[in-house]
1. If you scan the range 31-50, which residues turn out to be open to solvent by 50 Å² or more (accessible area, probe 1.4 Å), in contact with an Asp or Glu (Cβ under 9 Å, 6 or more places away or on another chain) and not charged (D, E, K, R)?
2. Given (1) modelled with pLDDT under 90; (2) among the aliphatic types (A, V, I, L, M); (3) in contact with an Asp or Glu (Cβ under 7 Å, 6 or more places away or on another chain), where does Leu106 come up short, assuming only one miss?
3. What is the number of the single condition among (1) more than 21 Å from Asn9 (Cβ to Cβ); (2) touching a residue at least 24 places away in the same chain (Cβ under 8 Å) that Asp84 does not meet?
4. Among the listed residues Ala56, Ala47, identify the single one that is part of a helix (DSSP H, G or I), under 21 Å from Ser100 (Cα atoms) and touching a Pro at 6+ places or on another chain (Cβ under 6 Å).
Amino acid sequence: RDEASVVCNSLGSALKKAGEKDKPIALFRRALQHRAARRDTNPLELAPVLINLGAALMQTGAPSEALEHFEKALKIRRAALGPDHAQTIASSKWLAKCQSEHAKYLHVREEPVQVLE
């Protein structure tokens with residue numbers, strides 16, 4: 001178990017709950033880097049960090065960037081736990097929520113801009 005990753009993930013979660021936006025994202029990214037650097041990392045340990053990072057990115061209005069993290073978490077959990085496991089289903093729900101937010105974001109961006117005279 002990588003203690004640096006656990007600390008970064010926990011601190012990022014606490015700061016996100018406290019309303020911080022950028023610091024949690026940096027900490028979640030650092031947690032992923034620590035875990036990825038270890039050869040003995042169980043991929044299943046990456047999933048909660050990926051979800052935390054995705055949720056933080058959604059909170060800052062970046063659903064398109066968050067999508068990839070939710071997709072990775074779902075892929076990991078589906079492979080390790082199966083499609084009917086509670087954690088896999090939770091990952092599916094996060095991904096669906098993000099896809100919905102992403103669609104709203106794209107819809108808003110695609111609306112024609114009215115020029116005021």
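1. Once the filter is applied, which keeps residues that are open to solvent by 50 Å² or more (accessible area, probe 1.4 Å), in contact with an Asp or Glu (Cβ under 9 Å, 6 or more places away or on another chain) and not charged (D, E, K, R), the range 31-50 yields His34, Ala37.
2. (3)
3. (2)
4. Ala56
The values are calculated or read from the model by the stated rules, or taken from the named source; none is laboratory data. Keep in mind the model is a prediction, meaning the values are calculated, not measured. Ideal geometry is used to build each Cβ from the backbone, glycine not excepted, and the neighbour counts take in all protein chains shown. Heads up: the accessible areas ignore ligands, DNA and RNA and are worked out on the full protein's heavy atoms, side chains in. Shrake-Rupley method; radii C 1.70, N 1.55, O 1.52, S 1.80 Å.
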